[in-house]
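Written out below as C-alpha coordinates is the structure these notes cover.
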Amino acid sequence: MPIQILPARLANQIAAGEVVERPASVVKELVENSLDAGADRIEVDIERGGAKLLRIRDNGTGIAKDELTLALSRHATSKVSTLEDLEQILSLGFRGEALASIGSVSRLVLTSRPAEQAEAWQAMAEGRDMAVKVQPASHPQGTTVEVSDLFFNTPARRKFLRTEKTEFAHIDEVVRRIALSRFEVSLSLKHNGKPVRQYRAAKLPSQQDKRLAAVCGPAFIGSALRLDSEHHGLRLWGWLSPADAARSQADLQYTYVNGRMMRDKLLNHAIRQAYGERLAPDTSPAFVLYLELDPGQVDVNVHPAKHEVRFHQARLVHDFIYQVLVQALEDAPAMAAVSGSA
Ligand code: ADP
Ligand code: MG
(Lines give C-alpha, C1' and ligand atoms only; values in the text may rest on other atoms or scores of the structure.)
(Ligands and ions follow the chains in the order given, each with its own letter.)
Protein backbone atom coordinates (compact mmCIF):
# COMPACT_ATOMS: atom_id res chain seq x y z
CA MET A 1 0.00 0.00 0.00
CA PRO A 2 1.35 3.47 -0.83
CA ILE A 3 1.72 5.99 1.98
CA GLN A 4 -1.42 8.07 2.30
CA ILE A 5 -3.00 10.53 4.71
CA LEU A 6 -5.79 8.88 6.67
CA PRO A 7 -9.35 10.13 6.13
CA ALA A 8 -10.37 12.43 9.02
CA ARG A 9 -12.83 10.01 10.55
CA LEU A 10 -10.35 7.14 10.59
CA ALA A 11 -7.63 9.33 12.10
CA ASN A 12 -10.08 10.39 14.79
CA GLN A 13 -11.14 6.80 15.41
CA ILE A 14 -7.52 5.83 15.95
CA ALA A 15 -7.13 8.68 18.45
CA ALA A 16 -10.40 7.59 20.07
CA GLY A 17 -8.80 4.23 20.80
CA GLU A 18 -6.64 5.93 23.42
CA VAL A 19 -9.17 8.28 24.97
CA VAL A 20 -12.57 6.63 24.61
CA GLU A 21 -12.29 3.29 26.29
CA ARG A 22 -15.91 3.02 27.40
CA PRO A 23 -18.98 5.21 28.07
CA ALA A 24 -17.47 6.44 31.35
CA SER A 25 -14.52 7.95 29.44
CA VAL A 26 -16.99 10.00 27.40
CA VAL A 27 -18.58 11.30 30.59
CA LYS A 28 -15.15 12.23 31.97
CA GLU A 29 -14.12 14.14 28.85
CA LEU A 30 -17.43 15.96 28.46
CA VAL A 31 -17.84 16.93 32.11
CA GLU A 32 -14.24 18.18 32.12
CA ASN A 33 -15.12 20.35 29.12
CA SER A 34 -18.09 21.75 31.05
CA LEU A 35 -15.85 22.55 34.02
CA ASP A 36 -13.30 24.21 31.74
CA ALA A 37 -16.19 26.30 30.36
CA GLY A 38 -16.85 27.60 33.89
CA ALA A 39 -20.16 25.83 34.34
CA ASP A 40 -21.52 25.61 37.88
CA ARG A 41 -24.41 23.34 36.95
CA ILE A 42 -23.87 20.10 35.03
CA GLU A 43 -26.48 17.47 34.26
CA VAL A 44 -25.50 14.00 33.11
CA ASP A 45 -28.24 11.87 31.54
CA ILE A 46 -27.52 8.28 30.64
CA GLU A 47 -29.56 5.65 28.85
CA ARG A 48 -28.72 1.97 28.82
CA GLY A 49 -25.41 2.29 30.62
CA GLY A 50 -24.35 4.87 28.04
CA ALA A 51 -24.49 2.47 25.09
CA LYS A 52 -27.65 4.18 23.85
CA LEU A 53 -27.23 7.76 25.04
CA LEU A 54 -24.93 10.02 27.03
CA ARG A 55 -26.14 13.59 27.37
CA ILE A 56 -24.12 16.24 29.21
CA ARG A 57 -25.70 19.65 29.66
CA ASP A 58 -24.02 22.66 31.25
CA ASN A 59 -24.51 26.36 31.90
CA GLY A 60 -20.98 27.33 30.92
CA THR A 61 -19.69 29.94 28.48
CA GLY A 62 -20.99 28.14 25.41
CA ILE A 63 -19.47 27.94 21.93
CA ALA A 64 -20.08 30.61 19.30
CA LYS A 65 -21.86 29.54 16.12
CA ASP A 66 -18.81 30.05 13.94
CA GLU A 67 -16.62 27.96 16.24
CA LEU A 68 -18.86 24.89 16.40
CA THR A 69 -17.24 23.32 13.35
CA LEU A 70 -13.77 23.83 14.77
CA ALA A 71 -14.78 22.43 18.16
CA LEU A 72 -15.53 19.12 16.43
CA SER A 73 -12.21 18.98 14.57
CA ARG A 74 -9.08 17.30 15.81
CA HIS A 75 -6.30 19.43 17.32
CA ALA A 76 -8.73 22.33 17.78
CA THR A 77 -8.69 23.85 21.26
CA SER A 78 -9.29 27.22 22.88
CA LYS A 79 -7.14 26.28 25.87
CA VAL A 80 -3.54 26.45 24.69
CA SER A 81 -1.79 28.20 21.84
CA THR A 82 1.88 28.10 22.80
CA LEU A 83 4.32 25.74 24.50
CA GLU A 84 4.42 28.14 27.43
CA ASP A 85 0.65 27.73 27.86
CA LEU A 86 1.07 23.97 27.89
CA GLU A 87 3.74 24.19 30.58
CA GLN A 88 1.50 26.27 32.85
CA ILE A 89 -1.76 24.50 32.14
CA LEU A 90 -4.67 25.06 34.51
CA SER A 91 -7.52 23.78 32.35
CA LEU A 92 -8.43 20.10 32.39
CA GLY A 93 -8.35 19.83 28.59
CA PHE A 94 -5.65 20.93 26.16
CA ARG A 95 -5.32 18.22 23.50
CA GLY A 96 -8.26 19.33 21.38
CA GLU A 97 -9.13 15.72 20.68
CA ALA A 98 -12.09 14.67 22.80
CA LEU A 99 -14.99 15.96 20.72
CA ALA A 100 -13.43 14.82 17.43
CA SER A 101 -12.59 11.40 18.87
CA ILE A 102 -15.99 10.83 20.47
CA GLY A 103 -17.75 12.14 17.37
CA SER A 104 -15.90 9.65 15.17
CA VAL A 105 -17.21 6.62 17.11
CA SER A 106 -20.79 7.75 17.82
CA ARG A 107 -23.57 10.00 16.60
CA LEU A 108 -22.68 13.26 18.29
CA VAL A 109 -24.79 16.40 18.41
CA LEU A 110 -23.29 19.56 19.88
CA THR A 111 -25.76 22.33 20.78
CA SER A 112 -24.63 25.60 22.30
CA ARG A 113 -25.40 29.21 23.01
CA PRO A 114 -22.94 31.73 24.45
CA ALA A 115 -24.51 34.52 26.53
CA GLU A 116 -23.89 37.16 23.85
CA GLN A 117 -25.56 35.16 21.07
CA ALA A 118 -29.34 35.50 20.60
CA GLU A 119 -29.93 32.00 19.23
CA ALA A 120 -28.51 28.57 19.82
CA TRP A 121 -26.89 26.50 17.08
CA GLN A 122 -26.32 22.83 16.68
CA ALA A 123 -23.56 20.91 14.90
CA MET A 124 -22.86 17.34 13.93
CA ALA A 125 -20.05 15.74 11.94
CA GLU A 126 -20.80 13.29 9.15
CA GLY A 127 -19.08 11.19 6.51
CA ARG A 128 -15.49 10.03 6.12
CA ASP A 129 -14.14 13.57 6.21
CA MET A 130 -16.39 14.50 9.14
CA ALA A 131 -17.91 17.47 7.30
CA VAL A 132 -19.89 19.47 9.86
CA LYS A 133 -23.54 20.39 9.40
CA VAL A 134 -24.70 23.42 11.42
CA GLN A 135 -28.35 24.30 12.01
CA PRO A 136 -30.40 26.54 14.31
CA ALA A 137 -31.56 25.08 17.62
CA SER A 138 -33.05 26.08 20.93
CA HIS A 139 -30.93 26.09 24.08
CA PRO A 140 -30.37 28.33 27.12
CA GLN A 141 -26.88 29.72 27.72
CA GLY A 142 -24.44 26.82 27.83
CA THR A 143 -23.79 23.63 25.98
CA THR A 144 -25.33 20.21 25.52
CA VAL A 145 -23.44 17.33 23.99
CA GLU A 146 -25.49 14.30 23.03
CA VAL A 147 -23.66 11.10 22.22
CA SER A 148 -25.85 8.30 20.84
CA ASP A 149 -24.98 4.74 19.85
CA LEU A 150 -21.41 4.81 21.08
CA PHE A 151 -19.10 2.54 19.00
CA PHE A 152 -21.92 1.80 16.49
CA ASN A 153 -19.35 2.00 13.69
CA THR A 154 -16.49 0.27 15.54
CA PRO A 155 -17.91 -3.21 16.22
CA ALA A 156 -14.70 -4.46 17.86
CA ARG A 157 -15.08 -1.77 20.52
CA ARG A 158 -18.82 -2.21 20.84
CA LYS A 159 -18.25 -5.87 21.62
CA PHE A 160 -16.16 -4.91 24.63
CA LEU A 161 -19.01 -3.04 26.30
CA ARG A 162 -20.01 -4.81 29.50
CA THR A 163 -23.52 -5.05 30.90
CA GLU A 164 -25.61 -1.92 31.33
CA LYS A 165 -25.12 -2.20 35.08
CA THR A 166 -21.34 -2.44 34.88
CA GLU A 167 -20.96 0.42 32.42
CA PHE A 168 -23.24 2.59 34.53
CA ALA A 169 -21.21 1.74 37.65
CA HIS A 170 -18.12 3.09 35.86
CA ILE A 171 -20.00 6.25 34.94
CA ASP A 172 -21.20 6.67 38.51
CA GLU A 173 -17.61 6.34 39.72
CA VAL A 174 -16.44 9.07 37.33
CA VAL A 175 -19.21 11.36 38.54
CA ARG A 176 -18.28 10.68 42.18
CA ARG A 177 -14.64 11.51 41.46
CA ILE A 178 -15.62 14.72 39.74
CA ALA A 179 -18.07 15.60 42.52
CA LEU A 180 -15.11 15.60 44.93
CA SER A 181 -12.94 17.64 42.58
CA ARG A 182 -15.29 20.67 42.47
CA PHE A 183 -17.45 21.09 45.53
CA GLU A 184 -18.87 24.37 44.26
CA VAL A 185 -20.40 22.83 41.14
CA SER A 186 -23.84 21.23 41.23
CA LEU A 187 -23.85 17.89 39.51
CA SER A 188 -26.68 15.50 38.75
CA LEU A 189 -26.75 12.03 37.27
CA LYS A 190 -29.75 10.21 35.80
CA HIS A 191 -30.01 6.71 34.43
CA ASN A 192 -32.89 5.70 32.16
CA GLY A 193 -34.79 8.80 33.28
CA LYS A 194 -34.34 8.06 36.99
CA PRO A 195 -32.36 10.47 39.21
CA VAL A 196 -29.43 8.56 40.71
CA ARG A 197 -27.17 11.29 42.14
CA GLN A 198 -27.79 14.88 43.02
CA TYR A 199 -24.82 16.78 44.38
CA ARG A 200 -25.85 20.32 45.25
CA ALA A 201 -23.33 23.14 45.08
CA ALA A 202 -21.39 22.98 48.37
CA LYS A 203 -19.73 26.21 49.42
CA LEU A 204 -19.73 26.02 53.23
CA PRO A 205 -17.58 23.45 55.06
CA SER A 206 -20.72 21.78 56.44
CA GLN A 207 -22.08 21.37 52.91
CA GLN A 208 -18.74 20.01 51.77
CA ASP A 209 -18.83 17.43 54.55
CA LYS A 210 -22.28 16.47 53.37
CA ARG A 211 -21.05 15.90 49.84
CA LEU A 212 -18.07 13.95 51.12
CA ALA A 213 -20.42 11.76 53.15
CA ALA A 214 -22.68 11.32 50.13
CA VAL A 215 -19.76 10.08 48.03
CA CYS A 216 -17.69 8.18 50.58
CA GLY A 217 -20.31 7.14 53.08
CA PRO A 218 -20.95 8.43 56.62
CA ALA A 219 -18.55 5.87 58.16
CA PHE A 220 -15.58 7.36 56.32
CA ILE A 221 -16.28 10.92 57.33
CA GLY A 222 -17.05 9.79 60.89
CA SER A 223 -13.52 8.54 61.43
CA ALA A 224 -11.52 10.41 58.77
CA LEU A 225 -8.49 12.49 59.74
CA ARG A 226 -8.55 15.97 58.26
CA LEU A 227 -5.26 17.36 57.10
CA ASP A 228 -3.97 20.50 55.47
CA SER A 229 -0.22 21.14 55.21
CA GLU A 230 1.92 23.43 53.19
CA HIS A 231 5.65 23.40 52.60
CA HIS A 232 7.86 24.97 49.91
CA GLY A 233 4.95 25.75 47.60
CA LEU A 234 3.39 22.32 47.97
CA ARG A 235 0.03 21.95 49.66
CA LEU A 236 -1.65 18.69 50.61
CA TRP A 237 -5.11 18.69 52.09
CA GLY A 238 -8.06 16.34 52.40
CA TRP A 239 -9.20 13.39 54.44
CA LEU A 240 -7.81 9.94 55.16
CA SER A 241 -8.89 6.95 57.18
CA PRO A 242 -6.86 6.08 60.28
CA ALA A 243 -4.95 2.84 59.72
CA ASP A 244 -7.30 0.90 62.00
CA ALA A 245 -10.32 2.02 59.98
CA ALA A 246 -8.96 0.63 56.71
CA ARG A 247 -11.31 -1.23 54.40
CA SER A 248 -11.30 -4.64 52.85
CA GLN A 249 -11.40 -3.05 49.38
CA ALA A 250 -9.41 -0.27 47.75
CA ASP A 251 -12.64 1.39 46.65
CA LEU A 252 -12.33 4.78 48.35
CA GLN A 253 -9.06 6.18 47.09
CA TYR A 254 -9.30 9.54 45.46
CA THR A 255 -6.34 11.72 44.57
CA TYR A 256 -6.29 15.04 42.76
CA VAL A 257 -3.43 17.14 41.46
CA ASN A 258 -4.35 20.77 40.91
CA GLY A 259 -8.03 19.78 40.72
CA ARG A 260 -7.45 17.00 38.21
CA MET A 261 -8.41 13.45 39.19
CA MET A 262 -5.45 11.10 39.06
CA ARG A 263 -4.35 7.54 39.52
CA ASP A 264 -0.73 8.42 39.89
CA LYS A 265 1.95 5.89 40.79
CA LEU A 266 4.10 8.31 42.73
CA LEU A 267 1.20 9.54 44.85
CA ASN A 268 -0.04 6.04 45.51
CA HIS A 269 3.43 4.88 46.43
CA ALA A 270 3.92 7.71 48.92
CA ILE A 271 0.53 7.03 50.47
CA ARG A 272 1.06 3.29 50.72
CA GLN A 273 4.46 3.84 52.27
CA ALA A 274 3.06 6.25 54.84
CA TYR A 275 0.50 3.71 56.01
CA GLY A 276 3.21 1.04 55.85
CA GLU A 277 3.02 -1.50 58.62
CA ARG A 278 0.21 0.30 60.37
CA LEU A 279 -2.24 -1.45 58.05
CA ALA A 280 -3.57 -4.88 58.92
CA PRO A 281 -2.93 -7.44 56.16
CA ASP A 282 -5.45 -7.43 53.33
CA THR A 283 -6.85 -4.04 54.19
CA SER A 284 -6.72 -0.83 52.15
CA PRO A 285 -6.78 2.74 53.36
CA ALA A 286 -9.47 5.19 52.25
CA PHE A 287 -8.48 8.73 51.31
CA VAL A 288 -9.51 11.85 49.47
CA LEU A 289 -6.37 13.90 48.94
CA TYR A 290 -5.68 17.08 47.06
CA LEU A 291 -2.18 18.08 46.05
CA GLU A 292 -1.70 21.64 44.91
CA LEU A 293 1.49 22.99 43.42
CA ASP A 294 2.77 25.40 40.80
CA PRO A 295 1.39 24.09 37.47
CA GLY A 296 4.87 24.70 36.01
CA GLN A 297 6.14 21.94 38.32
CA VAL A 298 4.00 19.21 36.82
CA ASP A 299 3.70 17.80 33.32
CA VAL A 300 0.13 16.70 32.61
CA ASN A 301 0.84 15.78 29.00
CA VAL A 302 2.00 12.25 29.74
CA HIS A 303 -1.04 10.14 29.04
CA PRO A 304 -3.84 10.74 26.48
CA ALA A 305 -6.53 10.21 29.11
CA LYS A 306 -4.42 12.26 31.58
CA HIS A 307 -4.62 9.71 34.39
CA GLU A 308 -0.98 10.27 35.25
CA VAL A 309 1.33 13.23 35.61
CA ARG A 310 5.06 13.73 35.86
CA PHE A 311 6.48 15.89 38.62
CA HIS A 312 9.63 17.86 37.88
CA GLN A 313 10.75 17.36 41.47
CA ALA A 314 9.39 13.89 42.00
CA ARG A 315 11.48 13.10 45.08
CA LEU A 316 10.45 16.31 46.82
CA VAL A 317 6.76 15.72 46.10
CA HIS A 318 6.95 12.10 47.20
CA ASP A 319 8.69 12.91 50.48
CA PHE A 320 6.36 15.79 51.22
CA ILE A 321 3.28 13.59 50.86
CA TYR A 322 4.88 10.79 52.83
CA GLN A 323 5.85 13.05 55.70
CA VAL A 324 2.52 14.86 55.94
CA LEU A 325 0.63 11.57 56.00
CA VAL A 326 2.93 9.91 58.52
CA GLN A 327 2.46 12.90 60.79
CA ALA A 328 -1.32 12.75 60.41
CA LEU A 329 -1.40 9.02 61.10
CA GLU A 330 0.88 9.35 64.12
CA ASP A 331 -1.37 12.03 65.56
CA ALA A 332 -4.42 9.86 64.84
CA PRO A 333 -5.02 8.21 68.24
CA ALA A 334 -5.10 11.59 69.95
CA MET A 335 -7.55 12.88 67.35
CA ALA A 336 -9.77 9.85 67.71
CA ALA A 337 -9.84 10.35 71.46
CA VAL A 338 -10.83 14.00 71.04
CA SER A 339 -13.65 13.25 68.62
CA GLY A 340 -14.67 10.28 70.78
CA SER A 341 -15.10 12.41 73.88
CA ALA A 342 -16.90 15.21 72.02
P1 ADP B 1 -9.94 20.35 24.65
O2 ADP B 1 -10.84 20.22 25.85
O3 ADP B 1 -8.67 19.58 24.82
O4 ADP B 1 -9.71 21.77 24.26
P5 ADP B 1 -12.15 19.14 23.18
O6 ADP B 1 -12.19 18.37 21.92
O7 ADP B 1 -12.62 18.46 24.42
O8 ADP B 1 -10.65 19.63 23.39
O9 ADP B 1 -12.97 20.48 22.98
C10 ADP B 1 -12.61 21.36 21.92
C11 ADP B 1 -13.00 22.79 22.23
O12 ADP B 1 -14.43 22.92 22.21
C13 ADP B 1 -12.58 23.28 23.60
O14 ADP B 1 -11.26 23.79 23.58
C15 ADP B 1 -13.61 24.36 23.88
O16 ADP B 1 -13.24 25.58 23.31
C17 ADP B 1 -14.85 23.86 23.17
N18 ADP B 1 -15.79 23.17 24.10
C19 ADP B 1 -15.95 21.84 24.25
N20 ADP B 1 -16.90 21.56 25.16
C21 ADP B 1 -17.36 22.74 25.62
C22 ADP B 1 -18.37 23.14 26.57
N23 ADP B 1 -19.08 22.23 27.26
N24 ADP B 1 -18.56 24.46 26.75
C25 ADP B 1 -17.85 25.40 26.07
N26 ADP B 1 -16.90 25.08 25.14
C27 ADP B 1 -16.66 23.79 24.93
MG1 MG C 1 -11.77 18.46 26.41
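The values are calculated or read from the model by the stated rules, or taken from the named source; none is laboratory data. This one's a predicted model, so the numbers in the text were calculated from it and none came from an experiment. Note: ideal-geometry Cβ built from the backbone for every residue, glycine included; neighbour counts use all protein chains shown. Surface areas here come from the heavy atoms of the whole protein model, side chains and all, with no ligands, DNA or RNA. Shrake-Rupley method; radii C 1.70, N 1.55, O 1.52, S 1.80 Å.
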query = Rounded, prolate or oblate: which fits the stretch 1-103 when a ≥ b ≥ c are the square roots of the eigenvalues of the alpha-carbon gyration tensor, with rounded for a/c under 1.5 and prolate only if a/b beats b/c?
reply = oblate
note = Within the stretch 237-276, the residues whose backbone N lies under 16 Å from a label point placed 7 Å from the Cα of Val302 along the Cα-to-Cβ direction are 255-272
request  = Heavy atoms only, probe 1.4 angstrom, no DNA, RNA or ligands counted: give me Ser78, Ser25 ranked by accessible area, highest first.
outcome  = Ser78, Ser25
inquiry  = Accessible area of the chain with a 1.4 Å probe: how many percent of it is carbon plus sulfur?
reply    = 51
ask   = Ranked by accessible surface with a 1.4 Å probe, highest first, in what order do Val109, Val147 come?
value = Val109, Val147
Approximate spin-label separation Arg162-Arg263, in nm, with each point projected 7 Å along Cα-to-Cβ = 1.1
request  = Give me the number: length gained by fully extending Glu87 to Ser206, i.e. 0.36 nm times residue separation minus the C-alpha to C-alpha distance, one decimal in nm.
outcome  = 39.3 nm
ask   = Rank Thr166, Thr154, Thr61 by accessible area, highest first, at a 1.4 Å probe radius?
value = Thr61, Thr166, Thr154
inquiry  = Need one number: convex hull volume per residue for the stretch 228-342, Cα atoms only, in Å³.
reply    = 107
remark   = Computed over the chain, the relative contact order (Cα-Cα under 8 Å, seq sep at least six) in percent reads 16
ask   = Nearest 10 degrees, 0 to 90: what angle lies between the long axis of helix 164-181 and the longest principal axis of the chain (Cα atoms)?
value = 70
task = Report Asp282's accessible area, 1.4 Å probe, all protein chains in place, as a number in Å² to the nearest 10.
result = 140
ask   = Length gain on complete extension for the stretch Asp282 to Asn153, per 0.36 nm per residue less the alpha carbon to alpha carbon distance?
value = 42.1 nm
key: Candidates Pro23, Pro155, Pro114: whichever shows maximal mean-square fluctuation once the chain is modelled as a Gaussian network with Cα springs under 10 Å   = Pro155
message = If you count only protein heavy atoms and use a 1.4 Å probe, how large is the accessible surface of His303, to the nearest 10 Å²?
response = 60
message = If you count only protein heavy atoms with a 1.4 Å probe, what accessible area per residue comes out for the stretch 57-149, rounded to a whole Å²?
response = 49
ask   = Each label point is 7 Å from the Cα along the Cα-to-Cβ direction; what then is the distance between the points at Ala64 and Asp129, in nm?
value = 2.5
query = Given q = 0.08, 0.15 Å⁻¹, what are the Debye log10 I(q)/I(0) values for the chain, with equal point scatterers placed on the Cα positions and solvent ignored?
reply = -0.42, -1.31
request  = Might you tell me the accessible area per residue for the stretch 151-261, computed with a 1.4 Å probe and given in Å²?
outcome  = 52
key: Efficiency of FRET between His318 and Lys190 - r from beta-carbon atoms, R0 51 angstrom, step 0.05   = 0.80
